[in-house]
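The values are calculated or read from the model by the stated rules, or taken from the named source; none is laboratory data. Here the structure is a predicted model, which means the values were calculated and not measured. We place every Cβ from the backbone using ideal geometry, glycine too, and count neighbours over all the protein chains shown.
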Amino acid sequence: MGDYSSYFLMKPEEVPDYVQAKLHFFPEGAKLSGQEIGDGNINYVFRVADRDSGKSIIVKQAGPTTRIEPDLGVSRDRGRIEAEILKLQSNFAPGLVPEIYLYDEVMCAMIMEDMVGHTMMRTGLLQHETYPEFAEDITTFMAGCLIRTSDLVMDHKEKKELVKAFTNPDLCGITEDLVLMEPYTDCFHRNHVYPPNEEFIQKEVYGDQALCLEAAKLKFNFMNNPQALIHGDLHTGSIFINQEHTFVFDPEFAFFGPMGYDIGNMVMNLFFAWCNGEAEMEEGRKREDFLDWCMDTIADTVDLFVQKYDRVFDAYVTEPMAKMPGFKSWYLSGILADTAGYAGTEGLRRIHGMANVKDITSIEDVGKRTRAERIVVSFAKDCILNRNSFICGADYVAAIERAVRKHS
Ligand code: SR1
Ligand code: MG
């Protein structure tokens, strides 16, 4: 057994010894297995299990580079930020984030609760599962974590201390490049454009100057609006779920930024699931139910957030000027415009940026994938260009219907 006094990237079979050295979780001498279970773009995620007791635990370790792109150097300190944020989020959204048992600054690894009985949401959605509690859970998570870390509620000095502690330049840099710049410019030639859509992307995205200008504004808003402690990468791969319960994890991109970034990313990732169902499922009741669930959940995510904003605001607001008549709705309209804008930027970057999503790339039929991508692009552009007019769930449903009609 090593002493773990200097960093190395662990192999799956080395992780059980590491857990035994660091934590009294399994009995001494337990026969443990270690398996890599992550499919993320950045870190390594291992499950260590004891077949005899049925107990298991998760170890997440930061590698020296990201997995998707070895040239993208990111500080291994990102794990510390993530572990601290999960602890903080558990105060504002109890039960909706996994428990962290330990963060090891030397090995850049955290040991956390295994989300047993839960499936990664993107995987479940690709099997066209639906989750009745999701809209409630995710809006409870977002309303709690976002509003209560904003200046509406948090003491201004405490918030500024947290803004410093959770400054996350490397991971924000990735978002600023991969989400909020390269999809419009391909300046580093790292975009993945699906060949049948090359001309379409050229005309509809790179060649649309009005769109690129709005994306530039959204980029600067992302960089200059420390509104709340956001998750920063809230997609269906950052969620473990079952029929009754939701866990949000993987907040390594967290920093103080615009609340709408989280809400918008969530909305668009639900739409990717709808696109997959629409392209891949056979006609019939199951397909209708799945597509309806996706659409309802998109609308409910927006509408329940708005309802909970109202409640959390009334229950917790402390800032005297925020209590001025009219302020609550003015502030909300900014969040909602950002929500639409960042739903749009997520849509575009997952279609033709560097990090694409399985919901779309797994569609094998060329015609169906080409069409699905075009629907996302049209919907995303509508979200960006007309973001001030997306104020409730029904506005998203109407925009999706417009995009689908355009490509029928
Ligand atoms: C280099 S990382 C690529 C993407 O994966 C993460 O999940 C983030 O979404 C990031 O943009
Ligand atoms: Mg992630």
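A few notes on this one:
- Selection within segment 156-197 - closer than 30 Å to T318 by Cα and either assigned to a loop (DSSP other than H, G, I, E, B) or hydrophobic (A, V, I, L, M, F, W, C) (or both): L162, V163, A165, F166, T167, N168, C172
- R190 meets each of the listed conditions (1) under 20 Å from T339 (Cα atoms); (2) touching a residue at least 40 places away in the same chain (Cβ under 8 Å); (3) not hydrophobic (A, V, I, L, M, F, W, C) apart from (1).
- Within segment 339-361, residues that are at negative phi and within 16 Å of ligand 2 (Cβ to nearest atom) have Cβ atoms under 9 Å from residues that are among the basic types (K, R) and part of a loop (DSSP other than H, G, I, E, B) in these pairs: G353/R190; M354/R190, counting only partners at least 6 apart in sequence or on another chain.
- Number of positions in segment 239-278 that are farther than 20 Å from P132 by Cβ and among the small types (G, A, S): 4
- Of all residues in segment 86-98, those that are under 14 Å from T246 (Cα atoms) and in contact (Cβ under 8 Å) with a residue 24 or more places away in the chain have Cβ atoms under 7 Å from Cβ atoms of residues that are among the acidic types (D, E) and surrounded by 19 or more Cβ atoms within 10 Å (Cβ to Cβ), 6 or more apart or on another chain, in L96/D137.
- Residues in segment 16-32 that are assigned to a helix (DSSP H, G or I), of a type outside the set (S, T, Y) and over 15 Å from G54 (Cα atoms): D17, V19, Q20, A21, K22.
- Cβ-Cβ under 7 Å pairs, at least 6 apart or on other chains, segment 281-305 side more than 19 Å from M142 (Cα to Cα), far side among the charged types (D, E, K, R) and modelled with pLDDT of 95 or more: M281/R287; L291/E278
- Cross-chain or 6+ apart pairs with Cβ under 7 Å, segment 1-17 first and of a type in the set (S, T, N, Q), then in a loop (DSSP other than H, G, I, E, B): S5/V106; S6/V106
- The single condition from (1) buried (at least 17 other Cβ atoms within 10 Å of the Cβ); (2) within 16 Å of ligand 2 (Cβ to nearest atom) that Q20 fails is (2).
- Residues that are over 20 Å from I400 (Cβ atoms) and part of a helix (DSSP H, G or I), drawn from segment 327-357: F327, K328, S329, W330, Y331, L332, S333, G334, I335
- Candidates in segment 29-56 are the residues that are more than 16 Å from ligand 1 (Cβ to nearest atom) and small (G, A, S); of these, the one that is nearest to M112 (Cα to Cα) is S56.
- Any chance F26 is in contact with a Ser or Thr (Cβ under 9 Å, 6 or more places away or on another chain), more than 13 Å from ligand 1 (Cβ to nearest atom) and either touching a residue at least 24 places away in the same chain (Cβ under 8 Å) or more than 23 Å from P98 (Cα to Cα) (or both): yes
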